[in-house]
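Quick notes on the structure that follows.
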Amino acid sequence: MSSMPRPRLSLAALAVASLSLGGCWTQQARWQADEVQRASVVRPGESEAERLYRHGRDCMDVVERDECAIDYFEQLVELSTKSAMAEPRRDLVGDAIFRLVELYRRDDQQERATLLLREFWDVGMDFGSAGVVPYGSRFVPESVTSMFMVDVTRLEASRLHADLPADAKDMMFTCDEARREQLSEAAKARREERRAAKLAAMSEEEREAYEKAKARREQRFSRGNDEDGDEDEAPSIYDAGFCQLAAALDVTDLRGFSAFLGARHHEDATQSVAVLRVDELEAKLAASTEAGRLILEPTPEIPGRDPAAMTSIMRDKLRLWTLAGAEYEGAKVQIVSFDRNELILAPEALVPGLLHARAHGQDRVSEAMRALLMQVPADVAFMTVVAPSAMEDMMGSLGAMAKLLPDPEGMMMAAVVYDYAGFFIRVPTDDSVKGWLVLSLARRMLDGGMVDEDDPFTSNLDMFQAPDGKALLMSNILTRGAVLRMFLG
């Protein structure tokens, strides 16, 4: 997905602006004439989808006429659903959908916004999910039950990311812990300042109700945290490994990777690996090895494969390096490269299994995880998938309440970023009745103040069932301002 150009003020828009400043425009007739003029303008080489998107964004961002923007964006979405587009333009269609949701909300058409969000995941599936995760992820241990990925290249191509200040980008990606702590403290101070101002504007009764609701939320979401027994759990290999690898490859921070993925077993962090895409990887590996930051190990012995009988290309794919000076659970931190511009970071104990799988062409990722990955839209900038077994263990910790809940068939979370950011959570289930019950309870929590209204994600969250009742869906569309609040307070 490439970065889309900022909207330019058209001649028609300039004419409207100049006339309106002088008080000399005649309401509906004037606008209709201008729209005819605008619609007739097609730039050389511009597709119908590009024309509709350009006019819609013009109406929304430049002329600031919501009804005009709605008309163009609805035409674009209809064009895509009829498969009338010469080539898929998910970037245009996706951003048009996000903008339509915002426009519908402004116009108090929440039901239309919800219906549109319900369609988004399915529209994304029409474009296919091949290539969502790096090639090497197919070789992760079968024990992996959760996986997350950030596509840095796709995120940085969005206008929303380009418009964010440096502090927000650092908060996402920096490996400088002092810098992260500084940003975290500043964000905390801003949140406290905003909360104090809000309380100061309330009556005594309103403040009392606000504090009680806040206490209920904190009690609900902290319940059981002291009994989890997770304090002594080993960290995942990638908790420190992402930044250790960035230092070894001589890149500043996580922005030095074009994508990074973490995979682990939900109860055993030692069963964890990371898969990364790195531009110009061979040059970086050579320089890092020469500088001593990486140590090239002897070619390991792989049962059932004779190195002498392999092609040089295959032998290159089975090379092994150790990160100098890094340890995980008292053993080496190692990397392999199974595909062009791709690395896998793993504990030493997991490396033999990875090499064996690659040498024999054995896909090891579980069928449950593979099925979930195939349901994630192809253009995500961020995604998380959680296997059914992990969801079942989580539900089991709820005790008797779990009997009221549907049996989850995993969970998928995804973020798609254009000019706006869309966040989506999908929980497949085969029990539509229990799914409806959970949805009703969740909506009551939202309506009853059981979520933080100052949270830019939960404060505008849509919850609904898939049309067939076989999945619970949650979604939200975030503007640049909402994203800033999430990261910087």
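The values are calculated or read from the model by the stated rules, or taken from the named source; none is laboratory data. The model shown is predicted, which means the values in this text are computed figures rather than measured ones. In this analysis, Cβ positions are derived from the backbone assuming ideal geometry, glycine residues included, and neighbour counts consider all displayed protein chains.
With at positive phi and at pLDDT 95 or above as the only criterion, which of Gly353, Gly292 stands out? Talk me through it step by step, then tell me what you get.
On the way: Gly353 fails: at positive phi.
Answer to the check: Gly292.
Somewhere in the range 42-49, is a residue in a helix (DSSP H, G or I), at pLDDT 85 or above, buried (at least 23 other Cβ atoms within 10 Å of the Cβ) and on the phi < 0 side of the Ramachandran plot?
no
Within the range 270-291, restricting attention to residues that are among the polar types (S, T, N, Q) and within 30 Å of the chain's Cα centre (by Cα), which residue is nearest to Asp339 (Cα to Cα)?
So the first thing to find is which residues in the range 270-291 are among the polar types (S, T, N, Q), and the list is 270-272, 288-289.
Within this subset, residues satisfying the condition of being within 30 Å of the chain's Cα centre (by Cα) are 270-272.
Working: Thr270: 24, Gln271: 22, Ser272: 19 Å.
It comes out as Ser272.
Is one or more of the residues making up the range 427-447 at pLDDT 80 or above and closer than 27 Å to Gln271 by Cα?
The first filter runs over the range 427-447 and keeps only residues at pLDDT 80 or above, leaving 427.
Keeping just the survivors that are closer than 27 Å to Gln271 by Cα gives 427.
Yes, there is a match, as at least one residue in the range 427-447 is at pLDDT 80 or above and closer than 27 Å to Gln271 by Cα.
Take the residues in the range 81-100 that are closer than 14 Å to Gly56 by Cβ and surrounded by fewer than 23 Cβ atoms within 10 Å (Cβ to Cβ), then tell me which one is modelled with the lowest pLDDT.
Applying the first criterion (closer than 14 Å to Gly56 by Cβ) to the range 81-100 yields 89, 91-100.
Now restrict to residues that are surrounded by fewer than 23 Cβ atoms within 10 Å (Cβ to Cβ): 89, 91.
Working: Arg89: 73, Asp91: 78.
Across the range 81-100, the extreme among qualifying residues is Arg89.
Against the conditions (1) at pLDDT 85 or above; (2) over 20 Å from Arg159 (Cα atoms), where does Leu103 fall short? Just the number, please.
The failed condition is (2).
Of all the residues that make up the range 245-289, how many are modelled with pLDDT of 95 or more, under 25 Å from Gln362 (Cβ atoms) and assigned to a loop (DSSP other than H, G, I, E, B)?
Within the range 245-289, residues that are modelled with pLDDT of 95 or more, under 25 Å from Gln362 (Cβ atoms) and assigned to a loop (DSSP other than H, G, I, E, B) number 1.
Could you tell me whether any residue of the range 333-343 is of a type in the set (Asp, Glu) and either under 22 Å from the mean Cα position of the chain (by Cα) or closer than 21 Å to Phe260 by Cβ (or both)? Explain how you work it out, then say what you get.
Within the range 333-343, the first condition is being of a type in the set (Asp, Glu), and the residues that meet it are 339, 342.
Narrowing further to those that are either under 22 Å from the mean Cα position of the chain (by Cα) or closer than 21 Å to Phe260 by Cβ (or both): 339, 342.
The answer is yes; a qualifying residue exists.
Of all residues in the range 290-326, which are in contact with a helix residue (DSSP H, G or I) (Cβ under 9 Å, 6 or more places away or on another chain), within 15 Å of Ala359 (Cβ to Cβ) and not in a helix (DSSP H, G or I)?
Passing the criteria: Thr299, Pro300, Glu301, Ile302, Pro303, Gly304, Arg305, Met310, Leu318, Arg319, Leu320.
With the requirement that a residue be within 26 Å of Ala482 (Cα to Cα), touching a helix residue (DSSP H, G or I) at 6+ places or on another chain (Cβ under 9 Å) and either outside the structural domain of Ser272 (by TED's automatic domain parsing) or surrounded by fewer than 23 Cβ atoms within 10 Å (Cβ to Cβ) (or both), what does the range 135-149 give you?
If the condition is that a residue be within 26 Å of Ala482 (Cα to Cα), touching a helix residue (DSSP H, G or I) at 6+ places or on another chain (Cβ under 9 Å) and either outside the structural domain of Ser272 (by TED's automatic domain parsing) or surrounded by fewer than 23 Cβ atoms within 10 Å (Cβ to Cβ) (or both), then no residue fits.
Based on what the data block shows, is Glu208 assigned to a helix (DSSP H, G or I), modelled with pLDDT under 90 and loosely packed, with under 15 Cβ neighbours inside 10 Å? Spell out the reasoning first.
Values: assigned to a helix (DSSP H, G or I): yes; modelled with pLDDT under 90: yes; loosely packed, with under 15 Cβ neighbours inside 10 Å: yes.
Here the answer is yes, as Glu208 does meet what is asked.
Taking only pairs six or more apart or across chains, which ones have beta-carbon atoms under 7 Å, a first residue in the range 68-82 that is in the same structural domain as Ala113 (by TED's automatic domain parsing) and within 19 Å of Arg106 (Cα to Cα), and a second residue that is at pLDDT below 85 and among the acidic types (Asp, Glu)?
Every condition considered, the pairs that remain are Cys68/Glu35.
Scan the range 163-181 residue by residue and report those that are exposed (fewer than 14 other Cβ atoms within 10 Å of the Cβ) and either in contact with a Phe, Trp or Tyr (Cβ under 9 Å, 6 or more places away or on another chain) or not in a loop (DSSP other than H, G, I, E, B) (or both).
Asp163, Ala166, Glu177, Ala178, Glu181
Say whether the condition of being closer than 23 Å to Ala269 by Cβ and exposed (fewer than 13 other Cβ atoms within 10 Å of the Cβ) is met by at least one residue in the range 305-325.
Looking for residues that are closer than 23 Å to Ala269 by Cβ and exposed (fewer than 13 other Cβ atoms within 10 Å of the Cβ), one finds at least one in the range 305-325, hence yes.
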